[in-house]
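Have a look at the structure below before the remarks.
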Amino acid sequence: KKWYAVIGDPIAQSMSPEMHEAWFRENQINASYIPVHVKADELEAAVSSLKRLGCSGWNVTVPHKTAIIPFIDKLDETASRMNAVNTVKVLEDGTLYGMNTDGQGFVRSLQEVYALGETIGNVLVIGAGGAASGISFALEDAGFGPITFTNRTFEKALQLSGGFSSGSALSFKDAESAIGKFELIVQTTSVGMNYARSGIPLDPSGITEGTIVADIIYNPFETDFLRIARESGGKTLNGIGMFVHQGALSFELWTGITPDTRKMIQSISTKLG
Ligand code: ATR
């Protein structure tokens with residue numbers, strides 16, 4: 001029997017195990033998927049143990065996405081550009097192959113919900129960390145843009161924008177003033193997540209009606225940022241779709257099978273909503 005895993009710290013809250021187990025069942029694949037709590041200083045040992053114990057592949061979550069790179073044999077183009085791995089596949093000869101499905105997962109969830117035949121110009125990305133960079137590369141690859149970056153630490157937004165053909169950067173204050181001109185806004189910071197559950201990085205109430213506003217957070221189900229955007233006429237999208245699609249892409253890379261994402265998004269939404 002094959003087995004897969006997710007490694008992170010903390011890990012108990014992860015919904016990946018039940019998601020992948022459900023997909024294995026639905027597709028009659030005889031495999032299981034387990035959460036493994038790995039602390040930062042145990043990462044190298046954990047990687048060699050997973051390999052030695054015959055794990056076929058694993059997901060990598062906070063805080064190991066970049067730290068795991070020295071222990072991976074080969075990276076695909078996306079993981080290498082993002083300098084972060086969220087999916088590892090153990091190849092037949094034992095080679096550890098590192099990939100990253102986060103950005104593409106976001107784009108797929110956006111396209112699934114809004115059936116975007118065409119791409120969107122004037123994108124605002126809030127945040128300049130790992131999530132912002134992965135999502136922005138995937139948006140650019142899919143033909144979206146120009147992309148404007150805004151971040152609490154402005155220098156990081158400026159630096160990230162330099163990697164994009166049509167990237168530019170604004171302070172939070174200037175982004176707030178210009179917010180009406182964006183057609184897609186993506187909130188990637190951790191503001192409003194988990195324990196805090198309140199607060200906004202910047203005020204989206206000046207958006208133009210019909211603007212698509214996405215937040216990568218899904219717990220809480222609707223952040224303050226997303227609620228204000230919705231009340232201001234935005235079409236909103238929380239982070240459940242991205243979570244499910246990044247997992248679906250991992251599942252495809254491991255098994256070659258495309259799992260049912262719509263049903264999964266619905267069932268997780270019911271649970272958290
Ligand atoms: P991730 O991989 O989730 O993107 P990260 O790389 O640590 O995590 O990036 C966190 C992002 O959230 C950054 O853009 C950070 O802003 P700074 O660069 O100024 O630190 C942003 N962030 C975190 N806490 C924030 C807060 N309280 N207000 C505004 N932005 C915040």
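The values are calculated or read from the model by the stated rules, or taken from the named source; none is laboratory data. Source: prediction; values computed, not measured. Because the Cβ atoms are built from the backbone with ideal geometry, glycine has one as well, and the counts that use them run over all protein chains shown.
List of remarks:
- Boolean, Gln28 is polar (S, T, N, Q) and modelled with pLDDT under 95: no
- Filter pass, Leu43 being of a type in the set (A, V, I, L, M) and either crowded, with 16+ Cβ neighbours inside 10 Å or under 17 Å from Leu249 (Cβ atoms) (or both): yes
- Residue match in the stretch 133-149 (condition: farther than 25 Å from Arg108 by Cβ, modelled with pLDDT of 95 or more and not assigned by TED's automatic domain parsing to the domain that holds Thr66): no
- Strands (runs of 3 or more DSSP E) lying entirely in the stretch 183-272 (those with 2 or more residues that are of a type in the set (D, E, K, R)): none
- The stretch 173-223, residues that are of a type in the set (Ser, Thr, Tyr) and either in contact with a Phe, Trp or Tyr (Cβ under 6 Å, 6 or more places away or on another chain) or crowded, with 21+ Cβ neighbours inside 10 Å (or both): Thr188, Thr189, Thr211, Tyr218, Thr223
- Within the stretch 91-103, if we keep just the residues that are more than 8 Å from the chain's Cα centre (by Cα) and touching a residue at least 40 places away in the same chain (Cβ under 8 Å), the residue that is farthest from Val47 (Cα to Cα) turns out to be Met99.
- Scope the stretch 79-110; condition among the small types (Gly, Ala, Ser) and either buried (at least 22 other Cβ atoms within 10 Å of the Cβ) or in the same structural domain as Asp141 (by TED's automatic domain parsing) (or both); matching residues: Ala79, Ala84, Gly98, Gly103, Gly105, Ser109
- Residue that is farthest from the ligand (Cβ to nearest atom) [pool: residues in the stretch 111-161 that are aliphatic (A, V, I, L, M), surrounded by fewer than 22 Cβ atoms within 10 Å (Cβ to Cβ) and within 27 Å of Arg262 (Cβ to Cβ)]: Ala115
- Cβ pairs under 6 Å, 6+ apart, first in the stretch 111-132 and small (Gly, Ala, Ser), second more than 6 Å from the ligand (Cβ to nearest atom): Ala128/Phe149; Ala128/Ala157; Ala128/Leu160; Gly130/Ala84; Ala131/Ile216; Ala132/Val125
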